[in-house]
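The values are calculated or read from the model by the stated rules, or taken from the named source; none is laboratory data. Here the structure is a predicted model, which means the values were calculated and not measured. Reconstructed Cβ throughout: ideal geometry from the backbone, glycine too, with neighbour counts over all protein chains shown.
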Amino acid sequence: MSAGIIGSQAYYLFVVGFGEEIRSRGYAQSRLNEAFGRPWKIWGTSFGPGLIIASVLFGVAHIFQLGASRPNVLVGLGAMLGGLFYGMVRERAGTFLGSAFVHGLNAAAFEIYQDIF
């Protein structure tokens, strides 16, 4: 592997995954959970409206990604669904660190896929 590929993977794993999760699940979802509580439960994991709201905001933020020539609603929808998954990981783990790790791995794997295909 070249240094560029390794650097790119490190960027997606640590900067993208952790950076977005600190903002979306670490801060936003946590504050929304404080405001609305976590009254619902799926498979033993408590969650609430904060998960839904944070995921929608995450999706909206991805509609208008930097460098995109125009807004992309499908990217936003995919990000919102990913946000629901990452949010449930955060709720299950009790911290954003679990969702940050999963998000970073997903972003790095997707980047490798794009490089190959």
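The set of residues in region 57-112 that are of a type in the set (D, E, K, R) and without any contact (Cβ under 8 Å) to a residue 24 or more places away in the chain contains only ARG70. When ALA10 is tested against the conditions (1) small (Gly, Ala, Ser); (2) modelled with pLDDT of 95 or more; (3) surrounded by fewer than 16 Cβ atoms within 10 Å (Cβ to Cβ); (4) assigned to a helix (DSSP H, G or I), the lone failure is (2). Once region 44-64 is narrowed to residues that are more than 20 Å from GLY19 (Cβ to Cβ) and either among the hydroxyl-bearing types (Ser, Thr, Tyr) or under 11 Å from the mean Cα position of the chain (by Cα) (or both), the residue that is surrounded by the fewest Cβ atoms within 10 Å (Cβ to Cβ) is SER46. Listed by position, the helices (runs of 4 or more DSSP H) inside region 40-117 whose residues that are at pLDDT 95 or above and among the hydrophobic types (A, V, I, L, M, F, W, C) number at least 1 are 49-63, 73-93.
Residues in region 13-41 that are among the small types (Gly, Ala, Ser) and farther than 19 Å from MET80 by Cβ were compared, and the one that is surrounded by the most Cβ atoms within 10 Å (Cβ to Cβ) is GLY37.
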